[in-house]
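Each remark here refers to the structure printed beneath this line.
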Amino acid sequence: MPELPEVEHVVRALRPVVVGRRILAAELNLKRIAPGISRPQFNQQLKNAVVTAVGRRGKYILFELESGALLTTHLRMTGKFVAIPTDNNLPPYAHVVFYLDNEKRLVFCDMRQFGRMQLIKNSRRLPRELLTLAPEPLSADFTEDYFLKTLSRSGRTLKTLLLDQTRVLGLG
């Protein structure tokens with residue numbers, strides 16, 4: 001599973017590729033990647049959407065859309081994004097394909113098929129899994145006091161506690 005710095009690296013690489021771009025079409029080739037939506041709905045809700053920002057909350061990649069919607073992606077173990085021209089062959093394990101307005105495709109590939117996407121119509125109504133995440137490790141909220149209290153309140157083993165994203169964010 002990617003660690004937080006790797007996800008941050010992916011986010012920074014995605015920004016120049018997709019921010020300001022319009023999604024002309026979105027192909028969901030493997031349903032389990034986005035389990036809460038049908039293939040036609042996935043395309044319908046992303047068609048003509050403009051990506052205004054790409055960010056991160058924990059290990060979730062957040063694509064902010066002009067409409068106020070949010071597309072979340074979790075890479076899990078082997079998920080990755082690849083940007084290719086429209087006339088190139090798709091890479092192996094191309095499970096989601098976004099056709100962009102600049103003759104490119106953004107492709108989500110995942111050999112193990114563990115990655116997940118979720119389309120949230122209103123970015124002000126985040127799903128529970130994002131709301132319950134621990135403070136970002138480099139934020140002002142993640143203090144020595146917070147960390148010590150988190151450690152002292154738990155009866156779990158240290159490894160189990162450190163891997164719990166609702167207590168300590170970013171370790172995998």
D (µm²/s, integer) via Stokes-Einstein for the range 1-106, Kirkwood Rh across alpha-carbon pairs, 4 °C, 1.567 mPa s: value 92
State which helices in the chain qualify, where a helix is a whole DSSP H run, it must extend 15 Å or more along its own axis by its Cα atoms, and its mean Kyte-Doolittle hydropathy must be at least -1.0. 4-18
Compute the signed sum of charges (Lys and Arg +1, Asp and Glu -1) over the other residues within less than 15 Å, Cβ to Cβ, of THR157. +3
Run the 1.4 Å probe and let me know the accessible area of ILE84, rounded to the nearest 10 Å². 20
Ordering ASP110, ASP164 by how much accessible area each has at a 1.4 Å probe, largest first, what is the list? ASP164, ASP110
Note down the net charge around GLU8, summing +1 for each Lys or Arg and -1 for each Asp or Glu among other residues with Cβ under 13 Å from its Cβ. +2
Lysines within cross-link reach of LYS80: Cα-Cα under 21 Å, excluding same-chain residues under 8 positions apart? LYS31, LYS59, LYS104
What list of ³J(HN,Hα) values in whole Hz, one per residue of the range 56-65 in order, does the Karplus curve 6.51 cos²θ - 1.76 cosθ + 1.60 (θ = phi - 60°) give from phi, with Gly and Pro shown as x? 8, 10, x, 9, 8, 8, 10, 9, 8, 10
What's the longest bit of the chain with no exposed trypsin sites (Lys or Arg not before Pro), using DSSP loop states and at most 13 other Cβ atoms within 10 Å as the test? 48-111
Keeping the other protein chains in place, figure out the carbon and sulfur percent of the accessible area of the range 1-106, with a 1.4 Å probe. 50
Per-residue HN-Hα couplings for the range 81-89 [Karplus 6.51, -1.76, 1.60; θ = phi - 60°; Hz; x = Gly/Pro]: 10, 9, 9, 9, x, 5, 8, 7, 5
Given a 1.4 angstrom probe, what's the average accessible area per residue across the chain, in square angstrom? 56
Can you tally the net charge around ALA25? Count Lys and Arg as +1, Asp and Glu as -1, for every other residue whose Cβ sits under 14 Å from the Cβ of ALA25. +3
With only helices counted (DSSP H, runs n ≥ 4, each -39500 (n - 2.57)), the per-residue ellipticity at 222 nm for the chain, to the nearest 500, works out to -7000 deg cm²/dmol
In Hz, Karplus ³J(HN,Hα) per residue of the range 99-114 (6.51, -1.76, 1.60; θ = phi - 60°; x = Gly, Pro): 8, 9, 7, 10, 6, 10, 10, 9, 10, 9, 10, 7, 4, 8, 6, 9
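The values are calculated or read from the model by the stated rules, or taken from the named source; none is laboratory data. Nothing here was measured: the structure is a model prediction, and the numbers come from that model. A quick note on method: Cβ atoms are made from the backbone with ideal geometry, for glycine too, and the neighbour counts reach across all protein chains shown. Keep in mind that these areas ignore ligands, DNA and RNA; they rest on the heavy atoms of the full protein, side chains included. Shrake-Rupley method; radii C 1.70, N 1.55, O 1.52, S 1.80 Å.
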